[in-house]
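This report refers to the structure that appears directly beneath it.
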Amino acid sequence: EKALEARPEVVRAIVVAVDDQEFGKRPVAFVQLAPNAELNEAVLKEIIRQSLAGYKIPKRILLLPDEITSNSLKPDRQKLIELALRH
């Protein structure tokens, strides 16, 4: 989360662990981007690859759904895991 949030274009990042057949668990990140930010998943992965070990690079980087950010300060991580498994 800190590696993603270090970018000025990333307002908020939440990382959850999802089951993975090969590794047991893998991280999936959800990000809220600043208005007019023009970053995509590939660019974000490349940016954080410079500061994180390979196993810490999220399997996917998805946009954080509005309902997660607007409902409370504490995100529903279980709901994010369910969303991650669908992608």
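Points worth noting:
- Residue identified as of a type outside the set (A, V, I, L, M), within 20 Å of I81 (Cβ to Cβ), at pLDDT below 95 and surrounded by fewer than 18 Cβ atoms within 10 Å (Cβ to Cβ) among R60, R12: R12
- Taking each residue of the range 43-57 that is more than 20 Å from D19 (Cα to Cα) and free of Cβ contacts under 8 Å to residues at least 12 places away in the same chain and looking for partners that are open to solvent by 100 Å² or more (accessible area, probe 1.4 Å) and in a helix (DSSP H, G or I) with beta-carbon atoms closer than 9 Å, six or more apart or interchain, yields nothing.
The values are calculated or read from the model by the stated rules, or taken from the named source; none is laboratory data. Since the model is a prediction, treat every value here as computed from it, not as a measurement. Backbone-built Cβ (ideal geometry, glycine too); neighbour counts: all protein chains shown. Heads up: the accessible areas ignore ligands, DNA and RNA and are worked out on the full protein's heavy atoms, side chains in. Shrake-Rupley method; radii C 1.70, N 1.55, O 1.52, S 1.80 Å.
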